[in-house]
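Let me begin by presenting the structure, written as structure tokens, before commenting on it.
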Amino acid sequence: MESPLLQSPGAVPADAPDQEVAAHYGEPAQEQRALADGTAFVDRSNRGVVRVSGPDRLSWLHSLLSQHLDGLKPFEPTEALLLGPHGHIEHHLFLIDDGEAVWAHVEPGAAPALVEFLDRMRFMLRVEVADLSADHAVITVPGPAGQGELAWPDAAGAVTRIVPRNEFPEGLRPAGLWAYEALRIAEHRPRLGLDTDHRTIPHEAGYVETAVHLNKGCYRGQETVARVHNLGRPPRRLVFLHLDGSVDRLPAQGAPVEIPGGRTVGFVGSSARHHELGPIALALVKRNVPVDAELLADGVAAAQEVVVSPETGANAQIDLRRRPAKHG
């Protein structure tokens, strides 16, 4: 569903999968600074919104997802993953319970498949699942969250909220998705489908820190999570890239990451131009790539910064080197 803000003067649509919202409104650098300073909001209304109601909702979701949800307190934001049978990530959910229902927002276009899966798993339990993407939308606004809001902490001290569709805040300028993505990448936060592929498991992208509970009961894909955590190492790891600022282009999403000599060791995820750091990106590379190796991302020289440690797994302390959010 295309956002009405795309009709604003200067609005430019974002690339897929975000083509239904604006990449920017004509001033991308100023929009990014305004978002970081707490004077702008971001329209993310292309994201899916799902609601799960019924008295069995928390125990039921607890049995299906990677997070400990049985007993989740009202308005306590959290994240969870729906994994495939072999532990590959299928959905990344941002969850909150309002006391009557669990609300979730997911990647653009993901809500129908998620609802279809959840509907198949209801059996005789007292739960109802609904795709509310047509009536509700996701926006990111300056924080903190108010009491009783459907809100999650987000990049640069902002909060992400679920609100009625086309209800935008007054007194703030709109900032395009380019602004939000630059701040997200700078904080080393991966995005499912851009910084991951169909083979990605939670340890590789660092989701174990935010969206996986390692001491809960069985759920689909848990065997892979437990095996890597207790016995092995993930085959790949997320890295942050400082890109060569003299190059006038950003690497394409999905393009190869190489080491000198031309050997491919991974792929480029999200990339952006940050108002302070310059051109940056996230990438998924083989675990055994030396942490000090110079890389080429789609032909652009890049210095890597560790996000997920090569030692993650096998009961090692997970060391996610995320930048702290800037709170205004």
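Build a GNM of the chain with springs between Cα atoms under 10 Å apart, and of Ala302, Ala186, Ala255 the one that fluctuates most is Ala255. Note on Glu223 and Asp135: the model spin-label points, each 7 Å out from Cα along the C-beta direction, lie 4.1 nm apart.
Expressed per residue, the C-alpha convex hull volume of the stretch 48-131 stands at 82 Å³. Charging the Cβ of each Asp and Glu at -1 and of each Lys and Arg at +1, and nothing else, the dipole of the stretch 210-258 about its Cα centre rounds to 380 debye.
Of all the C-alpha pairs in the stretch 152-272, what % are more than 17 Å from each other? List each step's numbers first, then the result.
Details: 4929 of 7260 pairs.
Cα-Cα pairs in the stretch 152-272 separated by more than 17 Å: 68 percent.
In whole percent, what relative contact order does the stretch 1-89 give with Cα contacts below 8 Å and a gap of six or more residues?
On the way: 83 pairs, mean separation 14.8, N = 89.
Dividing the mean separation by the residue count of the stretch 1-89 yields 17 percent.
Counting charges near Glu181 (Lys, Arg +1; Asp, Glu -1) among other residues having Cβ under 14 Å from its Cβ returns a value of -2.
I'd like the FRET efficiency for Arg263 and Arg191, computed as 1/(1 + (r/R0)^6) with the beta carbon distance as r and R0 of 22 Å, rounded to 0.05. Don't skip to the answer; put the middle values down first.
Working: r = 26 Å, r/R0 = 1.20.
Efficiency, rounded to the nearest 0.05: 0.25.
Once C-alpha pairs closer than 8 Å and six or more residues apart are averaged by separation and normalised to the residue number of the chain, the relative contact order reads 19 percent.
Among Gly54, Gly38, Gly313, the largest mean-square fluctuation in a Gaussian network model of the chain (Cα springs under 10 Å) belongs to Gly54. If the Kirkwood radius is taken over C-alpha pairs of the stretch 235-322, then at 4 °C and 1.567 mPa s the Stokes-Einstein diffusion coefficient equals 99 µm²/s. The residues neighbouring Ala293, those whose beta-carbon lies less than 14 Å from its own, together hold a net charge of 0 under the Lys/Arg +1, Asp/Glu -1 convention.
GNM remark for the chain: springs join alpha carbons under 10 Å apart, and the peak mean-square fluctuation among Gln30, Gln222, Gln67 falls on Gln30. Taken about its Cα centre, the chain carries a charge dipole of roughly 820 debye when the Cβ of each Lys and Arg holds +1 and the Cβ of each Asp and Glu holds -1. For the chain, the mean residue ellipticity at 222 nm estimated from helices alone is -4500 deg cm²/dmol, where every DSSP H run of n ≥ 4 contributes -39500 (n - 2.57) and the total is divided by all residues, rounded to the nearest 500. Neighbours of Gly109 by Cβ distance under 10 Å: Lys/Arg scored +1, Asp/Glu scored -1, total -1.
Only the coordinates and a few stated rules stand behind these numbers; no lab work does. The model shown is predicted, which means the values in this text are computed figures rather than measured ones. Positions of Cβ are generated from backbone atoms using ideal geometry, with glycine treated the same way; all protein chains shown enter the neighbour counts.
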